[in-house]
Amino acid sequence: MTTELAIINREDAIIPAQQSSIVGTSLSILTMSEQQVERIKLLAQMYTASTFNKSRNPLSQGDYFLIMLKGLELGISPMAAVDMISIIQGTPVLDAKGILALVKSKGMLEDIQMDGDEQQYICIMKRRGESTPHKEIFTLEDAKRLNLAGKENYQKQPKTMLKWRAVTACARVVFPDVVGGLYTGEELDPDNVTVSEDGTMKTNRHESITTSAPVVSKKQSQPEPVDDNNGDDTKETPKWHEAENGKNLKQVFAWARTKGMTEETNDDKASAELLNLESRIMG
């Protein structure tokens with residue numbers, strides 16, 4: 001038995017074994033035990049090191065961990081979450097198949113009708129307890145207005161693309177409490193997402209959830225001072241007299257650093273050394 005199966009079959013497993021569906025009871029990290037959180041971390045670590053991760057756009061362990069947590073909040077098991085949730089523009093997104101699975105899992109979908117062709121697609125959903133159903137239509141003309149019709153997915157499979165646009169739009173209106181602010185990868189990044197007929201959406205490029213800004217050092221950001229004395233520090237230094245007895249210290253420190261007389265990271269020390277430096281240069 002693998003570690004993965006052992007985790008799933010434990011009595012206090014993350015997703016109870018009796019739930020055969022990929023969508024079940026939602027869990028929050030605020031109510032999970034420390035042991036459950038550690039298991040999710042272990043699964044994330046295993047995914048990161050697996051050949052599965054190397055065969056696709058690689059994700060970091062932290063990305064897998066957060067994707068699994070997002071899945072659990074929606075009631076999706078960790079392994080299914082990895083399959084259905086991607087990261088687009090730093091945001092976890094659910095594919096169209098996952099959005100429809102979420103809606104059906106809540107038991108509030110009384111009826112759904114879908115029909116269409118390569119010119120338009122219609123989706124009708126009726127929520128249990130509501131008197132009238134809701135209809136959404138997504139057409140090829142809509143796709144053109146959104147500059148989507150010329151993209152590869154729409155060129156190869158227009159019917160599939162129109163269908164899942166209509167389905168996700170309808171789900172947001174009828175089940176806002178279920179779908180919330182979730183979007184599909186194709187809606188956020190249509191140029192870099194491959195869509196299958198069953199609504200599976202795979203991103204063709206990876207973006208990490210966490211990004212860091214490039215660090216520019218203080219030394220890099222400063223212009224190099226010009227030495228007009230050709231290395232002879234017995235001559236009058238450039239702009240020295242304009243420093244007005246040390247008031248314009250930045251110019252002095254910049255020049256002094258070219259001579260190895262001060263440390264950039266310790267201007268207090270440089271201030272003390274400046275007294276000696278002044279006598280050496282001006283004496």
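The values are calculated or read from the model by the stated rules, or taken from the named source; none is laboratory data. Keep in mind that this is a model prediction, so the values were computed, not measured. Positions of Cβ are generated from backbone atoms using ideal geometry, with glycine treated the same way; all protein chains shown enter the neighbour counts.
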Flagged in the stretch 83-140 as within 31 Å of the chain's Cα centre (by Cα) and among the acidic types (D, E), in numbering order, are D83, D95, E136
Residue hits (the stretch 126-148; in a loop (DSSP other than H, G, I, E, B), over 24 Å from M108 (Cα atoms) and not aliphatic (A, V, I, L, M)) are N147
Only one residue in K144, K135 is in contact with a helix residue (DSSP H, G or I) (Cβ under 8 Å, 6 or more places away or on another chain) and surrounded by fewer than 16 Cβ atoms within 10 Å (Cβ to Cβ), so which one is that? K135
May I ask you to list the residues in the stretch 146-168 that are within 22 Å of V178 (Cα to Cα), over 25 Å from the mean Cα position of the chain (by Cα) and not hydrophobic (A, V, I, L, M, F, W, C)? K163
Testing K219 on (1) modelled with pLDDT of 90 or more; (2) in a helix (DSSP H, G or I), one condition comes back false. Which one is that? (1)
The helices (runs of 4 or more DSSP H) lying entirely within the stretch 1-75 that contain at least 2 residues which are under 21 Å from I99 (Cβ atoms) and modelled with pLDDT under 60 are none
Given G185, G181, which one is modelled with pLDDT of 55 or more and either exposed (fewer than 12 other Cβ atoms within 10 Å of the Cβ) or farther than 30 Å from G116 by Cβ (or both)? G181
Looking at the stretch 88-125 only, could you name the residues that are of a type in the set (D, E, K, R) and either under 15 Å from T168 (Cα atoms) or assigned to a strand (DSSP E or B) (or both)? D95, K97, K104, E110, D111, D115
